[in-house]
Each structure stands twice: as C-alpha cells, then as structure tokens.
1. So, with +1 on the Cβ of K and R and -1 on the Cβ of D and E, and no other charges, what is the size of the charge dipole of segment 91-193 about its Cα centre, to the nearest 20 debye?
2. Bin width 10 Å, alpha-carbon pairs only: give the P(r) of segment 1-95 as whole percents, running from 0 to the bin holding the largest distance.
3. Give me log10 I(q)/I(0) at q = 0.14, 0.21, 0.25 Å⁻¹ for segment 59-144, Debye formula, one equal scatterer per alpha-carbon, no solvent.
4. When ranked by the protection proxy of mean other Cβ atoms within 10 Å per residue, highest first, what sequence do the peptides 88-96, 101-109, 143-151 form?
5. State the three equivalent ellipsoid semi-axes of segment 66-222, derived from the C-alpha gyration tensor as the square roots of 5 times its eigenvalues, in descending order and whole Å.
6. Can you give the FRET efficiency to the nearest 0.05 for GLU59 and TYR128, using r as the Cβ-Cβ distance and R₀ = 41 Å?
7. Have a look at the DSSP beta bridges in the chain and tell me what percent are antiparallel, nearest 5.
8. Name the long-range amide H neighbours of TYR5: under 5 Å, sequence gap of 5 or more, or other chain; modelled H, no Pro or chain starts.
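Values quoted throughout were computed directly from the atomic coordinates according to the rules given, and no laboratory measurement underlies them. Treat the numbers as computed from the prediction; the structure is a model and nothing was measured. Cβ coordinates were reconstructed from backbone atoms using ideal geometry, including for glycine residues, and neighbour counts include every protein chain displayed.
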Amino acid sequence: MITLYYWTTPNGHKMTIFLEEAGLSYRLAPINIAKGEQFDPAFLAVSPNNKIPAMVDHEPLGGGDPLPLAESGAMLEYLAEKTGRFLPTDPRGKYRVLQWLYWQMAHLGPMLGQNHHFRKSAAEKIPYAIDRYEKESERLYGILDDQLAGRDYICDDYSIADMACYPWILPDNQGIDIGEFPNIARWQATMASRPGVRKAYAIADQVKADPVTEEDTRKVLYGQGRRR
Ligand SMILES: N[C@@H](CCC(=O)N[C@@H](CS)C(=O)NCC(=O)O)C(=O)O
C-alpha cells in the first residue's frame, strides 16, 4: 500500500496518473497547499522541501521499513522500477525516457510554472518577466512538438516521460497558441483519452471540492523565506 500526499496541481496529477495507469493500491492524503498544510511537521518528515507530491511506500522495493519519498521525478522512476512498467529496461531506451523526464523536471515544469506565476498570480504585472517566460514556454513547446513528430508518445512507447509532461501542457493559461504545435495537440488528445488519465483528473475534481481563493494562495505560497 502507498500513501500519496497530493494536491490538484500538475505535479500532483503526474502521480495519480501513474498509480491509476499501473492499478496500484494507494491511499490519497490531500495536502491543501493554499492553506499551508505542507508545513505540518508530519508532512515535512516525508517532504523536507514542503512540496507535494510525496509518498510513503509501506511495502518498499528492497523490503525493510516504509520508504518516504518526495520529488515527482524520483517518485515516477521509483514506481516504474518497482512495477517494471512505463520505463524500458534496455539501457538505451531507459536513459532516453529519463532524459525527457529530467527535461520536464528541469525545464518544462519550472519555466511554465514561472510563466503562470507572472501572467496569472503576481499582483504586479511585470512586462519583462511575462515576456521572458512566455518566450521560454514557446521554445519548450517547440522542442516537445519536434520530439513528438511521427510518434504517438514522447519516446515511442507510453512512459513516465509522458506522465510527467502532460499535466503541464495548459496552453490557454500559458499564452500559447496550440495551433502552432500540432504534434502536441495530437498527443494531448491521445493522453486525455486514456482511462487512467481520465480517472486521475476525476479524482482531482473530487479533491478540488475544497475551494481556495487567490488571496489564500498569495499569502501562503509566495514570498516564503527561510523556514525556522
Ligand atoms: N520538483 C518538485 C516540485 C513540486 C512543487 O513545486 N510542488 C508545488 C505544487 S505543484 C507545491 O507543493 N508547493 C507548495 C509550496 O511551495 O509551499 C516535484 O516535481 O515534485
């Protein structure tokens, strides 16, 4: 059994997508990050960087005590290794998927996150910052679109790279004209039609029933300094 510490954000969706696709049994522990629940000491013991997603695997790979794990990239890699699914075992195929997984973790997620922050969340609209992250988002969409040309999935077979990238592709929020990226649009439709993906988003809709305001979000999430 796995306990998934979760909220309804792109990084959270990655994990419900994996768990639903693999049919693993898990318990959802919602952590409402707009209400500050990520600073609860019990959660910090699992996720020292105060971010969702995180998990505890009560029957871990290799045996022994329950395994706490944070960082969605590491969690996806761990679950792929544990189940033997969604990550090739041959070295060439495996590292190709990991290359795109780390690309998502290092580029797509952080840059589109900044795009969202400066376009939507920041109280002060700063043209330089909006322009910078919009251009970088367009650049990254272009890289992904090229990779998807002639392929159903990012690395041919469905993998954790697709699960990591898909939740971040939100063109309407990111100032992106998806018409310019036809391979992404096609892949997005394929992803959206997968039963495991549909289930993951249905779970998010249930959890989201607990609404938060932009004001709550601003107070709790932005301007966090050193934790003492
Ligand atoms: N690199 C981390 C990023 C996780 C992350 O940024 N989580 C956000 C929600 S998407 C969060 O928990 N924020 C709470 C906070 O900043 O206090 C991962 O991929 O797991």
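1. 300
2. All Cα pairs considered, the percentages come to 16, 50, 27, 6, 0.
3. Those come out to -0.66, -0.97, -1.16, one per q.
4. Packing order, densest peptide first, comes out as 101-109, 143-151, 88-96.
5. Values: eigenvalues 147, 86, 50 Å².
One finds semi-axes of 27, 21, 16 Å for segment 66-222.
6. 0.25
7. Looking only at bridges with both residues in the chain, the antiparallel portion is about 65 percent.
8. Residues meeting the amide H criterion: ALA29, ALA54, MET55, VAL56.
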